1. Given 112, 118, which one is of a type outside the set (Gly, Ala, Ser), touching a residue at least 12 places away in the same chain (Cβ under 8 Å) and under 15 Å from residue 304 (Cβ atoms)?
2. Counting just the residues of the stretch 303-325 that are closer than 30 Å to residue 268 by Cα and more than 21 Å from the chain's Cα centre (by Cα), which one comes out surrounded by the most Cβ atoms within 10 Å (Cβ to Cβ)?
3. If you scan the stretch 402-432, which residues turn out to be closer than 15 Å to residue 232 by Cα and acidic (Asp, Glu)?
4. Against the condition at negative phi and buried (at least 22 other Cβ atoms within 10 Å of the Cβ), how does residue 234 come out, does it pass?
5. Look through the stretch 237-253, keep the residues that are buried (at least 20 other Cβ atoms within 10 Å of the Cβ) and out of contact with any helix residue (DSSP H, G or I) (no Cβ under 7 Å at 6 or more places or on another chain), and return whichever of them is farthest from residue 428 (Cα to Cα).
6. If I go through the stretch 388-400 residue by residue, how many of them are surrounded by 24 or more Cβ atoms within 10 Å (Cβ to Cβ) and closer than 22 Å to residue 238 by Cα?
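The values are calculated or read from the model by the stated rules, or taken from the named source; none is laboratory data. Treat the numbers as computed from the prediction; the structure is a model and nothing was measured. Here the Cβ positions follow ideal geometry from the backbone for every residue, glycine too, while neighbour counts run over all protein chains shown.
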Amino acid sequence: MTVSKSTEDITEIDKRHIVHPWADFATAPSQGDLVISRGEGYHVYDSDGKKYLDGIAGMWCVNVGYGNREIAQAIAHQAEEMPYYTPFGAMTNPHAAELAKVLAELTPGDLNRVHFTNSGSTAVDSAVRFIHFYFNALGQPEKQVIISRTDSYHGSTYLTASLSGKAVDRTYFKYMTDIVHHVSGPNLFRRNKALSEDEYRQQLVDEFEQKILEVGPEKVACFIAEPIMGSGGVLIPPPGYHKAMKQVCEKYNILYILDEVVTAFGRLGEFFSAEAVWEIVPDIIVCAKGITSGYQPLGATIISDALFDQISGSNAPKDAYFTNGYTYSGHPVACAAALKNIEIIKRDKLCEHVKDVGPYFIEQLKTLERFDIIGEIRGNHLMACVECNISGNKTAAQEEDMATALIVDQFCDKAGLIIRPYEALLILSPPLIIDREGIDKLVSILAQSIERATEVVAEKYTLQAKCI
């Protein structure tokens with residue numbers, strides 16, 4: 001079916017019929033949306049033909065860029081050969097089996113058991129369900145509590161939304177509070193500056209251990225963490241943080257879930273960052289997004305042999321059916337897309353490319369700290385955040401900081417750059433194929449937009465002296 005309606009027609013249909021993720025219901029019935037109709041490389045085009053540099057890779061995920069014919073052909077071929085068959089019980093398909101093998105080879109340690117899902121949310125949900133199943137099978141049903149962190153994001157199922165710790169995302173929904181607890185997430189920008197980074201790390205670790213003791217170690221099943229907290233503001237932990245948190249988990253027999261939905265498949269210059277960047281081997285890794293570069297929906301929960309072997313085979317309890325999974329788990333078309341995507345990342349040396357251009361990206365962005373409305377610019381390779389801070393308040397973002405971020409975003413949009421505003425944050429995660437020329441263009445547009453926003457907010461707010 002060919003869609004050939006005008007932009008006005010599309011936006012009217014959209015307003016009438018689509019309920020968008022994270023829609024503002026106060027404006028949703030009347031506000032039109034940007035209609036993105038095609039993409040090429042690290043650019044996308046709207047339905048009127050306007051070209052935008054995609055500074056967010058769709059949603060952290062279009063790692064190999066838009067218009068990749070090889071992936072499109074792999075999808076088409078598999079759809080013709082066999083579009084779908086049930087993954088339940090003892091059924092499988094060649095592409096799911098091969099992808100599981102490839103993921104096992106790419107992940108560290110003994111993370112060799114793959115449970116396929118539809119998304120990052122369902123991958124996290126499945127990881128927690130596996131852990132509950134695991135402790136129940138071992139005769140420890142009291143170990144149910146999951147500890148997560150403030151400013152985290154782990155998904156939008158009932159369980160994963162409850163795990164997520166972004167305060168602004170908690171609105172009129174119901175959240176689980178009996179088995180979900182939160183501790184402070186690392187935020188070096190907002191920390192007490194009297195503390196060194198090492199002291200701050202220890203403060204976070206001590207808080208985590210105290211929470212375990214408060215709840216009771218016999219009740220805590222797992223801790224979940226993003227390596228870098230993505231949509232919470234690209235919050236990078238102090239050195240040694242993940243190793244120290246893992247050591248606390250090991251002390252109290254608590255399992256460690258590393259949520260690599262954003263960071264895996266090259267965004268930090270590695271297929272998986274767990275061991276290569278953070279020097280840990282978690283008990284479970286969850287991934288999605290970059291696994292197919294967004295060409296198909298797919299997620300995976302990757303479990304260690306050490307866990308799986310304790311509750312399977314001769315060690316399995318009576319009637320040990322793992323009744324968790326999805327109609328589209330291991331979908332052959334999605335798995336074909338993932339295999340081709342991984343092949344391209346390896347062949348085109350995209351991880352090496354990210355290691356080359358990533359530091360340049362952060363270095364160029366850092367030059368924007370010269371503007372008075374910017375509080376901090378932080379990032380790691382092709383994952384960055386520009387935090388607006390005209391209020392001078394280092395404890396929490398203020399209304400004027402959030403308004404400033406939206407104004408910068410509006411100027412970027414007009415100039416042909418898509419970024420992701422969230423509260424006082426401007427989040428950036430371009431496709432991994434971006435080159436220095438693209439980075440220079442992105443930073444140039446962002447600089448011009450910040451400069452224009454500075455003029456606008458100066459009339460409305462009193463700019464505070466920078467103190468970084």
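1. None of the others qualify; the one that does is 112.
2. The qualifying residue surrounded by the most Cβ atoms within 10 Å (Cβ to Cβ) is 304.
3. Of everything in the stretch 402-432, just one residue is closer than 15 Å to residue 232 by Cα and acidic (Asp, Glu), namely 423.
4. No, not satisfied.
5. Once the filter is applied, the top-ranked residue is 249.
6. Qualifying residue count, the stretch 388-400: 2.
This table checks each residue for (1) modelled with pLDDT of 95 or more; (2) β-branched (Val, Ile, Thr); (3) within 21 Å of residue 39 (Cβ to Cβ).
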site: 408; (1), (2), (3): yes, yes, no
site: 416; (1), (2), (3): yes, no, yes
site: 420; (1), (2), (3): yes, no, yes
site: 427; (1), (2), (3): yes, yes, yes
site: 430; (1), (2), (3): yes, no, yes
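Okay, residues lined up against (1) touching a residue at least 24 places away in the same chain (Cβ under 8 Å); (2) closer than 30 Å to residue 346 by Cβ; (3) surrounded by fewer than 22 Cβ atoms within 10 Å (Cβ to Cβ):
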| residue | (1), (2), (3) |
| --- | --- |
| 383 | yes, yes, no |
| 411 | yes, no, yes |
| 427 | yes, yes, no |
| 443 | yes, yes, yes |
